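Visitor: Below: one structure in structure tokens.
The values are calculated or read from the model by the stated rules, or taken from the named source; none is laboratory data. These numbers were taken from a predicted model, which means no experiment stands behind them. Because the Cβ atoms are built from the backbone with ideal geometry, glycine has one as well, and the counts that use them run over all protein chains shown. Heavy atoms of the whole protein, side chains included, go into the accessibility calculation; ligands, DNA and RNA do not. Shrake-Rupley method; radii C 1.70, N 1.55, O 1.52, S 1.80 Å.
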Amino acid sequence: TWQPERRPKMSEPRRRGGMGMWVGHVGTHEGLRPVKDTARQAKLIEGLREIVDEYDGFLLDQFGVIHDGVVPLPHALSTLQELLGREKKIMILSNSSRRSTPTCHRLRQLGFPVQDFIGAMTAGEHAYRTIRNQRLKMKLGSNCLWLGRQNAEAAYSSYLDGVSLNFVASADEAEFILLQGTDNIGNGSERVQTLSYDYEACGDVKNELHDLLAAAARCRLPMHCLNPDRVAVKPNGMLHFMQGSLAAHYQRYLDAELGDDGKDLISLYGKPTKAAFEYCLAEFKKSGIPRERVVMIGDSLEHDIMGAANGGIDSVLVAATGIHKFSVMTTSNIVYAWSATIASVLSVGLGMISLKRSSNPFGLAVIYLAGTCIALASGSLLGMPKEDDPVSPLARHIDTHKLRQLCRKFRAHPNYVLKQFKW
């Protein structure tokens, strides 16, 4: 049984965590409500075939679940065909900063049968609708400081449809910040500035980015974060820092500058907000599927699993291909036991060669001791999963103890845990 801890009130600062945790006040998750603490026993399953009869609607995350940003993940396409063949309804719910239409277009390019899905909802779509409504009601100014990606204006051009904005290059000119990427400052303006370092690789705020956030906090600028994810999985399997981590940094600047007055200046969209899930559940309802027959499948405890609880639906955590793979997947004991055995044999061989060449027993004892240490060290190191570990997470097994600890840390508890999205 996975025993959850008490969930803090939304007005309380959350305690410090790792890359995936907010520090201090988080900002505004529209419609977010605390999840009721209940003891839950999560069931480990081999594939969706074990639970397919329990649900009619499948709400899917993208990255780390069905694709890696470049190609579909193993078994993803065949699993989708199995679900569609049983007349199950599928919808995408992603924290991508793109709007829904470009997202569907990209999925179609990757070979996914988007035409058979009932739709897609993204954090970018959620943000677009909210900002457009605020502009129409004159609740949001027009001077926008756009933090974006390099050479990506075409992909996000639809985001500006029907929203009259004036793009500026500095915090002093702006009325709000649009956080869509972490490459450029002032996208759309005449003075676009490219960061002097790769924020996605290190996650540190320095140089021009530090100056910007400090100035923005002094100006009390609201920030609209189009993707609340802190980290994401690159196609090469490594983790990199996302817009949500920069929003968390900005929150610390606001706390230092404004105290409690700055806790509501950041707006986050998509998962885990209740509003994003309610939109999807309304689409399932149009197909005659009630929320108790809908399940969320994702790789993030904080966004997918917590969001499912906010939406009142069941959830499945995909462990080996998403952002938690280096936290909960452990190399098989057989792998590092064999590596330790090989190191031991080599050390014994070295000792035997030395015995033939030298009759000094003290030197031989030192060699044997060194060999034993090498064997123990190799076994320990190979048993610890790292980002640069050559052993694929799919070759590991789920460490249930680590998984329980991570669930307690995020206060998010799935109904099922699946190694990868497969039938």
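Visitor: Note down all Cβ pairs under 9 Å where the first residue falls in region 166-195 and is surrounded by fewer than 20 Cβ atoms within 10 Å (Cβ to Cβ), the second is part of a strand (DSSP E or B) and hydroxyl-bearing (Ser, Thr, Tyr), and they're at least six residues apart or on different chains.
Guide: Here the result reads 183/194, each pair linking region 166-195 to a residue that is part of a strand (DSSP E or B) and hydroxyl-bearing (Ser, Thr, Tyr).
Visitor: Are there any pairs, at least 6 apart or on different chains, whose C-beta atoms fall under 8 Å, with the first in region 47-58 and within 14 Å of residue 289 (Cβ to Cβ) and the second among the polar types (S, T, N, Q), and if so, which?
Guide: Note: pairs meeting the criteria are 57/287.
Visitor: Could we say that residue 211 is open to solvent by 30 Å² or more (accessible area, probe 1.4 Å) and within 23 Å of the chain's Cα centre (by Cα) here?
Guide: Here the answer is no, as residue 211 does not meet what is asked.
Visitor: So, in region 305-321, of the ones that are more than 20 Å from residue 235 (Cα to Cα) and not hydrophobic (A, V, I, L, M, F, W, C), which residue ends up surrounded by the fewest Cβ atoms within 10 Å (Cβ to Cβ)?
Guide: 312
Visitor: May I pose another question? Look through 150, 109 and report the one residue that is surrounded by fewer than 17 Cβ atoms within 10 Å (Cβ to Cβ), polar (S, T, N, Q), modelled with pLDDT of 90 or more and more than 20 Å from residue 265 (Cβ to Cβ).
Guide: Going through 150, 109 in turn, just one is surrounded by fewer than 17 Cβ atoms within 10 Å (Cβ to Cβ), polar (S, T, N, Q), modelled with pLDDT of 90 or more and more than 20 Å from residue 265 (Cβ to Cβ): 109.
Visitor: Between a residue in region 306-331 that is under 13 Å from residue 413 (Cβ atoms) and assigned to a strand (DSSP E or B) and any residue that is hydroxyl-bearing (Ser, Thr, Tyr) and open to solvent by 10 Å² or more (accessible area, probe 1.4 Å), which pairs come within a Cβ distance under 8 Å, given they are 6 or more apart or on different chains?
Guide: From residues that are under 13 Å from residue 413 (Cβ atoms) and assigned to a strand (DSSP E or B), the pairs are 314/416; 315/416; 316/416; 317/416.
Visitor: Please tell me if residue 234 is surrounded by fewer than 21 Cβ atoms within 10 Å (Cβ to Cβ), under 15 Å from residue 412 (Cα atoms) and of a type outside the set (Phe, Trp, Tyr).
Guide: No; evaluated as a whole, the condition is false for this residue.
Visitor: Next up: Based on this model, can you work out whether residue 220 counts as over 22 Å from residue 96 (Cα atoms) and over 26 Å from the mean Cα position of the chain (by Cα)?
Guide: yes
Visitor: Please enumerate the residues belonging to region 281-304 that are within 18 Å of residue 55 (Cα to Cα) and open to solvent by less than 30 Å² (accessible area, probe 1.4 Å).
Guide: Listed by number, the residues that qualify are 281, 284, 289, 294, 295, 296, 297, 298, 304.
Visitor: Can you tell me which residue within region 40-93, out of those that are of a type in the set (Lys, Arg) and under 23 Å from residue 323 (Cβ atoms), is modelled with the lowest pLDDT? Reasoning before the result, please.
Guide: Step one: list which residues in region 40-93 are of a type in the set (Lys, Arg), which gives 40, 43, 49, 86, 88-89.
Now drop any that are not under 23 Å from residue 323 (Cβ atoms), which leaves 40, 43.
On the way: 40: 57, 43: 89.
Top of the filtered list is 40.
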